[in-house]
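The structure under discussion appears below in the form of structure tokens.
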Amino acid sequence: MEKAQIAVVGLGVMGQNLALNIANKGFPVAVYNRTETKTTEFIEGPAKGKKIVGTYSYGELAKALEKPRRILLMVKAGPAVDAVIDQIKPYLEPGDILIDGGNSFFEDTERRNKTLTAEGFMFVGAGVSGGEEGALHGPSIMPGGNRRAWEALKDIFVAAAAKAEDGESCVDYMGPRGAGHYVKMVHNGIEYAIMQLIAEVYDVLHRGLGMPEAELGEIFTQWNAGSLSSYLVEITADILKTKDEQTGKPILEVILDEAKQKGTGKWTSQNAYDLGAATHAINAAVSSRIISGMKEQRVEASKVLKGPEPVFRGDRQQLIDAAKEALYAGVILSYAQGFSLMGLASQEYDYKFDMKRIAKIWRAGCIIRADRLDDIMDAYDRNNALDNLLMDRHFREIVMPRQGAMRYFITTAIGMGIPVYAMSAVLGYFDAFRTARLPANLTQAQRDYFGAHTYRRLDREGSFHTEWLGSQPSED
């Protein structure tokens with residue numbers, strides 16, 4: 001019997017679809033799932049007639065694979081990954097390759113890479129984006145880890161990955177150790193930010209203008225045909241046009257206003273704080289999801305905390321146009337923050353990221369795919385040491401003329417009492433980034449006053465302390 005070239009462990013929807021995708025590209029696949037019936041149902045169902053063999057033990061799985069064995073783990077991130085690795089290792093040999101295709105925290109991937117390398121195995125942390133459809137038809141894949149392992153996986157991953165309009169596969173080697181999962185983490189952080197910006201635009205136009213979902217859906221469809229062309233704008237249009245089968249109401253009217261999160265956005269914010277990166281939009285999106293989860297408290301608060309009525313009395317079309325331009329600028333600023341964070345991480349963790357390569361593999365398959373990623377590639381072609389996309393002329397010319405629309409959109413929303421936390425955050429980021437002298441001089445003086453933390457001066461080098469009148473020692 002022909003040996004399988006790769007195994008997929010974990011037959012949830014993502015695992016099943018990746019196995020089908022790889023087999024459809026001509027690579028024989030072995031599969032295993034802890035629940036035997038799930039393996040049988042898959043083999044006798046969607047995988048029937050394809051180059052996919054079911055196995056029912058790790059020993060059987062190991063025997064079904066050509067060497068070096070390539071084993072893709074599609075299990076829940078966290079302890080489950082370690083448990084599966086420990087269970088499968090006794091059946092492997094030095095040089096075999098383990099690939100974690102889940103949303104693992106990059107520091108866990110770093111740890112696993114170190115441990116498995118010492119034991120003679122090769123380990124790859126591969127971020128996979130695109131959801132269920134992407135897994136089946138072509139995701140964006142972000143592998144990092146052992147370079148030799150990538151070479152052994154390259155043909156399979158290139159075949160299975162999404163293809164951009166120029167035919168390029170949306171997969172490439174990201175860097176050593178946890179680099180692949182780091183890139184996927186930041187991808188998800190940017191995804192959080194853009195989703196929140198879109199939600200805020202929807203809220204202002206729906207509540208503020210009283211615009212029905214169907215009309216909003218048509219507007220998002222128009223936007224998707226132009227400068228805002230992207231997967232997230234496209235699916236937003238579809239969602240807005242969808243009606244609930246049971247009630248006939250727009251589907252959004254029956255969905256609870258509580259956005260869950262699996263942790264990748266939070267990890268991005270936490271890591272940005274660790275590295276000293278400014279990720280205002282991502283942080284705002286994470287906080288917005290947190291407060292959305294406080295549903296019962298919000299319902300009670302709405303009964304006693306009163307503010308302006310969300311009634312708009314201005315030019316309706318002016319607000320719609322401002323919303324479009326504000327969203328466009330907000331998306332660009334979200335990308336700028338994410339790429340700046342990866343630049344800092346590249347130095348801190350010695351990942352040696354190629355920013356153009358990252359933008360290149362995000363052009364298709366992944367959730368944040370958008371036409372603007374070609375422009376980001378061009379920006380790094382012009383300057384591969386670019387610290388911030390706003391320092392590229394093309395992106396300055398996109399954002400600067402739209403800041404008026406952002407200010408109008410935000411102040412209008414504030415006047416109606418509609419929260420626009422992420423949009424306000426991205427504008428705050430833009431204003432802070434373009435300001436040569438911020439009021440942090442006062443903040444540092446306060447720290448020195450109560451905690452003798454010292455400060456730097458504009459006129460000479462060194463650290464200085466002032467004996468402030470009435471100062472009391474404290475902590476900060």
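The values are calculated or read from the model by the stated rules, or taken from the named source; none is laboratory data. Note that this is a predicted model, so its numbers are computed, not measured. Glycine gets a Cβ as well: all are built from the backbone with ideal geometry, and neighbour counts include every protein chain shown.
Brief remarks on what is shown
- For segment 349-387, filtering for residues that are farther than 24 Å from GLY130 by Cα, surrounded by fewer than 16 Cβ atoms within 10 Å (Cβ to Cβ) and out of contact with any strand residue (DSSP E or B) (no Cβ under 7 Å at 6 or more places or on another chain) leaves 7.
- Considering each residue of segment 129-141 in turn, none proves to be assigned by TED's automatic domain parsing to the domain that holds TYR335, of a type in the set (D, E, K, R) and either touching a strand residue (DSSP E or B) at 6+ places or on another chain (Cβ under 6 Å) or surrounded by fewer than 24 Cβ atoms within 10 Å (Cβ to Cβ) (or both).
- Answer residue from segment 165-174, given it is surrounded by fewer than 24 Cβ atoms within 10 Å (Cβ to Cβ) and either assigned by TED's automatic domain parsing to the domain that holds ASN271 or under 19 Å from the mean Cα position of the chain (by Cα) (or both) and is nearest to ARG363 (Cα to Cα) among those: ASP172
- Qualifying residue in segment 240-250 (condition: farther than 28 Å from SER140 by Cα and in contact (Cβ under 8 Å) with a residue 24 or more places away in the chain): yes
- Residues in segment 307-324 that are in a helix (DSSP H, G or I) and not aliphatic (A, V, I, L, M): 5 in all.
- Scanning segment 254-269 turns up no residue that is more than 19 Å from MET195 (Cβ to Cβ), in contact with a helix residue (DSSP H, G or I) (Cβ under 8 Å, 6 or more places away or on another chain) and modelled with pLDDT of 95 or more.
- Condition check for GLY276 on (1) in contact (Cβ under 8 Å) with a residue 40 or more places away in the chain; (2) more than 22 Å from GLY428 (Cα to Cα); (3) surrounded by fewer than 16 Cβ atoms within 10 Å (Cβ to Cβ): one failure, at (2).
- Subset of segment 283-306 [assigned to a loop (DSSP other than H, G, I, E, B) and exposed (fewer than 10 other Cβ atoms within 10 Å of the Cβ)]: LEU305, LYS306
- Residue, farthest from LYS51 (Cα to Cα), within segment 147-178, restricted to residues that are in a helix (DSSP H, G or I) and among the aromatic types (Phe, Trp, Tyr): TRP150
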